[in-house]
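Q: Pasting a structure below so you can have a look.
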Protein chains: 2
Amino acid sequence: MLLLRHCRGLTRVGLLKTQRVQLLQGAALPVAVCAGSLCARWGSSHGGHKSGQYQRSHGPNWRHALAGLLAGTGAVLAYGLYHSQTEQAATTIVQPIAPASSLPIYTQDEVTKHRSVEEGVWVTYKGSVYDITEFVSMHPGGDKILLAAGGALEPFWALYAVHSQDHVLEILSEYKVGELSAEDRRKQQSVKSTDPYSTDPERHPALRINSLKPFNAEPPPEILSDNYITPSAIFFKRNHLPVPQVDPKSYLLQVEGVPGGASLSLSLEELKTRFPKHTVTATLQCAGNRRSEMNKVKQVKGLNWGIAAISNATWSGARLKDVLLAAGYRSEVAQQTSHVQFEGLDSDVTGTTYGASIPLNKAVSEEGDVLLAYQMNGEDLPADHGYPVRVVVPGTVGARNVKWLGKIIVSEEESSSHWQQNDYKGFSPATDWDTVDFKSAPAIQELPIQSAITQPVEGAVVERSAEEVTVKGYAWSGGGREVVRVDVSLDGGRTWQVAQLQSSEKGQVPAPSPPPGRAWAWKLWELTAPLPPAVQELEIVCKAVDNSYNMQPDSVAPIWNLRGVLSNAWHRVKVTVKEDEEKQKLL
Amino acid sequence: MLLLRHCRGLTRVGLLKTQRVQLLQGAALPVAVCAGSLCARWGSSHGGHKSGQYQRSHGPNWRHALAGLLAGTGAVLAYGLYHSQTEQAATTIVQPIAPASSLPIYTQDEVTKHRSVEEGVWVTYKGSVYDITEFVSMHPGGDKILLAAGGALEPFWALYAVHSQDHVLEILSEYKVGELSAEDRRKQQSVKSTDPYSTDPERHPALRINSLKPFNAEPPPEILSDNYITPSAIFFKRNHLPVPQVDPKSYLLQVEGVPGGASLSLSLEELKTRFPKHTVTATLQCAGNRRSEMNKVKQVKGLNWGIAAISNATWSGARLKDVLLAAGYRSEVAQQTSHVQFEGLDSDVTGTTYGASIPLNKAVSEEGDVLLAYQMNGEDLPADHGYPVRVVVPGTVGARNVKWLGKIIVSEEESSSHWQQNDYKGFSPATDWDTVDFKSAPAIQELPIQSAITQPVEGAVVERSAEEVTVKGYAWSGGGREVVRVDVSLDGGRTWQVAQLQSSEKGQVPAPSPPPGRAWAWKLWELTAPLPPAVQELEIVCKAVDNSYNMQPDSVAPIWNLRGVLSNAWHRVKVTVKEDEEKQKLL
């Protein structure tokens, strides 16, 4: 762990210096932590353009360093390669490895069986099969390599572009054990069917899928907190229906119901040019985030989300306020209206579209920052996130951030959609499906204070010799309330320590504090603490506090509700402390 | 419970009748409960003047009743004694310590030279000289002791009456180093030491006093939830300093610092006539409400409030927004300012006034409803509540609702007052007085979700024959977030039932739902449930949920903080279930 912290420190002074120090040390640095800042760059560049620029200015130094690394230990080698790849990622096209006909042919099913160190860890890459079991412990990115176990490497290497270079391929080639069957190779190139979901976009395989159709998935927690701005590819996906195919040229946004105003139709081009472009960094969270913890108390209805149905992105678009003003909205003639409804272009077989609404005062407030967003993380919205236009309602539950936005209706009433009226509401633990009256509870809008531990994960092992443990996570509150503190306990909540908060990418200048009531983005947090002596297990707990001093409830059962929403009790993770072998021998 | 309910019914018919019934019953009625309806009449007066009138017209009845009460049981007797003592505290003069002639004689000039830890900290008290240098670091009131350095203790002890106890004098005597010269003693005596609290108004005897000077008191919980609008007389009092005497004819409110604007002076008459009168029903809560529960976990610093440092009233006055606009406030020229500071007319012996600030966006928001109030519950503000003008900041901690308002300053900075900078902030349970950094936490503004049980009270007895139990309480959340549900448990939190919410006086038409974000008033709640069979004790628990679905934390220890603020864990009350005598005989 000392090494980890060292490594973190180094990343702040920049890539080149980091490498030099490592060369001097020649030690087996666990580099997974150091990869964090690289991902950030990837996240912001999204596709490699900026990475390419980076390579041009620093590449030669890198390669020079790499030559030295190749003579070093295995781990350092891997580390150097790992970094070197990040530069080439943007421009280098990885060459396919030539098939070796003497090796056996495996089906995808056979590969899929090898997903653990015990069963062997197999992966495919460009039609070849690799048994990388022995490499797992040397992987600079740590356990994350197991995310690809039993499947294809390509999508992961696309996310972590550090891999896209020759030296990595050389290492990989040592582990080759066979070829993928011709049929499965063809399948990998995937033929579209008539399935309504057949035009759904491809997704990153790192995502943990809760439902394939409609597509609902979250990133592994250990990836989530690697970046302050979540790369779009691993931003959690929460679709209620198939992803609609929207032609940006014919796209029209309808605005209706503005009292004293006129209906308005806006093309994508008009939305982009008639209104100032406004950018907001905002965290979105599904109401069902952490539902799996409620499921453990008693079965609930809904997707079994882990702790990662939450992500943070920058969003750019027109302000909803400006568009409503353009449609003739005037507060003095709108006394009777109090809601703004949104209809998506996604629909089911009956033609029913997704819909939701928000309070009018949030929509028209100067400080509400509600966007009709056409960009995410600096690029066009991805298909899964609402291309070409979605609503972003900062501080408000994901369900109201309607994607593939087709219509805006100013109204006296809330949206009549199922999702507004009979879903996404909180109830007492005493309420069951026989007694529930959905009218008795308000539709969830602002979400309560939340936090969770992303590292270490449940069941992880901490070496006693490390002497300390680093805990990481995220914290966020709805309604623009800023997270002001995260308390972390290593003993189940008996004693607490205060974590360090992070409100920008690591190594970047921290963003200035947001104005009161407009803290839309999460904070990442981290605590490195001495391992408590003489314990064999840590029960790590976190709880956050926002600037209204709202705090998370201690336990899950008393906030359990039949839909499993609003699961924000203290997050708990148990890890094992492993005594050193030498010490164990002495015992 | 039957007795309690009986008593409540009686309170509606007025004071005299209530007392007669009590006298007739001759039972140990908790009379505090029955005092509820009195307060309405008593409360409408303010300061000593009208109270005097009240006494003249109703006093004899009161005294008569008291005579009867004093003949009652121990509990009732104790109640009378309690008040008798609090009255004496105001007038008792602590006996001087006998001079010890063997010690040296010092002049006031010599004493005055010792005003710092470096030079020594000397003080005088009743003609003796004390070197308290070593005691400074042990002083429970912290650095404030240095205000008296080089001078007399009397004026400070008059302000902080907690010192008027024998053990304080014992501690002081250990530090005696000499006698003040006869000439300087004469000089000190010639300066009439007047009690700065001598002009404080009379208060309602039902109040439970936490501190007499300054006056801090709360109503008994059983009274609190009898009225949706708390009568002014039993509205909790939280004074930091003596109540200032303000002449309404010469009163001037100063408004300063408005960028691009001019300073403004407003008489009381101008405030009432130049600006529209606006009325808001708002609950105020002290940051220290329920501190006593934290004290049980581990000693904290502060007044030992029970659950009733919270009350609800109607407030009328000018909108702060309108006054700032009149002073020239324009949002487009005020980009650099972000706070509005308030200064009270109450001050300590050094002339330091009470002060606090709120964020500018709350002050100028159309929906913030911040008032410069000159009426409480339809009458002039009572002296204890800020006569003639106070700030009412709905949804915000009591401490920012500055009373006896003298000055408003628009500023780039928060108030520099002790109460904004070094008090009224929340910390981790791990933070102690050695490690606390007040700059590391934000000043409390909006308060978190809160609820408590007012009936039955801890230790009450419920008759098994009653077959059911009625539980009552209050629930409120800061920031205009509306309470949407209160869950009540009779078994310590294992199972829950949903309480009925009440948002107006009983029997009145319920008030319409407030606009989103403007739910400033509490909700009272009530649950009548069957007595669980075969239990001898009920552990009644309540927890509330607001419309951001924030919930109260389960337990006190994990939210404990050194100042004992923000105590909002589930409230728990244990009551005994008494089996009927006949049944008991059968057993």
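Q: Consider only pairs whose beta carbons are under 8 Å apart and that are at least six residues apart or on different chains; among these, list those whose first residue lies in the range A:445-460 and is within 14 Å of another protein chain (Cβ to nearest Cβ) and whose second residue is modelled with pLDDT under 95.
A: A:Gln445/B:Pro516
Q: Which one of these does B:Ile223 not meet: (1) surrounded by fewer than 20 Cβ atoms within 10 Å (Cβ to Cβ); (2) at pLDDT below 90?
A: Just one mismatch for B:Ile223, condition (1).
Q: Here's something else I'd like to know. Which one of these does B:Pro140 not meet: (1) surrounded by fewer than 19 Cβ atoms within 10 Å (Cβ to Cβ); (2) over 16 Å from B:Leu303 (Cβ atoms)?
A: It is condition (2) that B:Pro140 fails.
Q: Could you please give the count of residues in the range A:370-380 that are open to solvent by less than 10 Å² (accessible area, probe 1.4 Å) and either out of contact with any Gly (no Cβ under 9 Å at 6 or more places or on another chain) or within 15 Å of A:Leu324 (Cα to Cα) (or both)?
A: Total meeting the criteria: 4.
Q: Do we have B:Ile209 as closer than 30 Å to B:Leu501 by Cβ and open to solvent by 10 Å² or more (accessible area, probe 1.4 Å) here?
A: No: the conditions fail for B:Ile209.
Q: Here is a further query. Taking the condition part of a loop (DSSP other than H, G, I, E, B) and modelled with pLDDT of 95 or more, does A:Ser265 pass?
A: So A:Ser265 fails the test.
Q: Another one. Condition check: farther than 19 Å from A:Asp200 by Cβ, open to solvent by less than 50 Å² (accessible area, probe 1.4 Å), in a loop (DSSP other than H, G, I, E, B) and at pLDDT below 95. Does A:Pro242 satisfy that?
A: The answer is no for A:Pro242.
Q: Inspect the range B:345-365 for any residue being without any contact (Cβ under 8 Å) to a residue 12 or more places away in the chain and of a type in the set (Gly, Ala, Ser) and give the result as yes or no.
A: Yes, the range B:345-365 contains at least one residue that is without any contact (Cβ under 8 Å) to a residue 12 or more places away in the chain and of a type in the set (Gly, Ala, Ser).
Q: Give the range A:226-236 a look and list any residue that's among the hydrophobic types (A, V, I, L, M, F, W, C), under 15 Å from A:Trp476 (Cβ atoms) and buried (at least 24 other Cβ atoms within 10 Å of the Cβ), or say none.
A: A:Phe235, A:Phe236
Q: Is there a residue in the range A:378-390 that is under 30 Å from B:Ile449 (Cβ atoms), in contact (Cβ under 8 Å) with a residue 60 or more places away in the chain and away from chain B (no Cβ under 14 Å)?
A: no
Q: So, one more: With respect to A:Arg330, is the statement that it is of a type in the set (D, E, K, R), within 14 Å of A:Val391 (Cα to Cα) and open to solvent by 10 Å² or more (accessible area, probe 1.4 Å) true?
A: When the stated conditions are applied, A:Arg330 does not pass them.
Q: Additional query: Identify, from the list B:Ser357, B:Ser311, B:Ser365, the residue that is within 14 Å of chain A (Cβ to nearest Cβ) and within 24 Å of the chain's Cα centre (by Cα).
A: Step by step, each of B:Ser357, B:Ser311, B:Ser365 is checked, and only B:Ser357 is within 14 Å of chain A (Cβ to nearest Cβ) and within 24 Å of the chain's Cα centre (by Cα).
Q: Which residues, counting only those in the range B:237-267, are farther than 15 Å from B:Arg390 by Cα and either in contact with a Cys (Cβ under 6 Å, 6 or more places away or on another chain) or among the acidic types (Asp, Glu) (or both)?
A: If the condition is that a residue be farther than 15 Å from B:Arg390 by Cα and either in contact with a Cys (Cβ under 6 Å, 6 or more places away or on another chain) or among the acidic types (Asp, Glu) (or both), then B:Glu256 is the only one that fits.
Q: A further question follows. Report yes if B:Val498 is facing another protein chain (nearest Cβ under 9 Å), open to solvent by 20 Å² or more (accessible area, probe 1.4 Å) and out of contact with any Cys (no Cβ under 8 Å at 6 or more places or on another chain), otherwise no.
A: Judged against the criteria, B:Val498 is a match.
Q: Just need a number here: residues in the range A:115-129 that are over 18 Å from A:Ala206 (Cβ atoms) and surrounded by 16 or more Cβ atoms within 10 Å (Cβ to Cβ).
A: Residues flagged as over 18 Å from A:Ala206 (Cβ atoms) and surrounded by 16 or more Cβ atoms within 10 Å (Cβ to Cβ) within the range A:115-129 amount to 5.
Q: Same structure again: Can you name the residue in the range B:167-213 that is in contact (Cβ under 8 Å) with a residue 60 or more places away in the chain and among the acidic types (Asp, Glu) and, of all such residues, is farthest from B:Val129 (Cα to Cα)?
A: Across the range B:167-213, the extreme among qualifying residues is B:Glu202.
Q: When you go through A:Thr396, A:Thr431 one by one, which is the residue that is under 13 Å from A:Gln445 (Cβ atoms), modelled with pLDDT of 95 or more and within 13 Å of another protein chain (Cβ to nearest Cβ)?
A: Only one candidate qualifies: A:Thr396.
Q: Out of all the residues in the range B:250-264, which are buried (at least 16 other Cβ atoms within 10 Å of the Cβ), among the aliphatic types (A, V, I, L, M) and more than 14 Å from B:Leu360 (Cβ to Cβ)?
A: Of everything in the range B:250-264, those that are buried (at least 16 other Cβ atoms within 10 Å of the Cβ), among the aliphatic types (A, V, I, L, M) and more than 14 Å from B:Leu360 (Cβ to Cβ) turn out to be B:Leu253, B:Leu264.
Q: Collect the residues in the range A:358-391 that are over 18 Å from A:Pro244 (Cβ atoms) and hydrophobic (A, V, I, L, M, F, W, C), keeping them in residue-number order.
A: Correct list: A:Ile358, A:Leu360, A:Ala363, A:Val364, A:Val370, A:Leu371.
Q: Moving on. Looking at the range B:478-494, which of the residues that are in contact with a Pro (Cβ under 8 Å, 6 or more places away or on another chain) and open to solvent by 20 Å² or more (accessible area, probe 1.4 Å) is nearest to the other protein chains (Cβ to nearest Cβ)?
A: B:Val484
Q: Next up: Do you know which residues across the range B:407-441 are open to solvent by 10 Å² or more (accessible area, probe 1.4 Å), in contact with a Leu (Cβ under 8 Å, 6 or more places away or on another chain) and not β-branched (Val, Ile, Thr)?
A: Selection gives B:Lys407, B:Phe427, B:Asp432, B:Trp433.
Q: Name every residue in the range B:466-477 that is in a strand (DSSP E or B) and either within 14 Å of chain A (Cβ to nearest Cβ) or within 25 Å of B:Val397 (Cα to Cα) (or both), in order of residue number.
A: B:Lys472, B:Gly473, B:Tyr474, B:Ala475, B:Trp476, listed by residue number.
Q: Does B:Ala217 satisfy being open to solvent by less than 10 Å² (accessible area, probe 1.4 Å), in contact with a Leu (Cβ under 9 Å, 6 or more places away or on another chain) and not in a loop (DSSP other than H, G, I, E, B)?
A: So B:Ala217 passes the test.
The values are calculated or read from the model by the stated rules, or taken from the named source; none is laboratory data. Predicted model only: the values in this text are computed from it and were never measured. Reconstructed Cβ throughout: ideal geometry from the backbone, glycine too, with neighbour counts over all protein chains shown. Heavy atoms of the whole protein, side chains included, go into the accessibility calculation; ligands, DNA and RNA do not. Shrake-Rupley method; radii C 1.70, N 1.55, O 1.52, S 1.80 Å.
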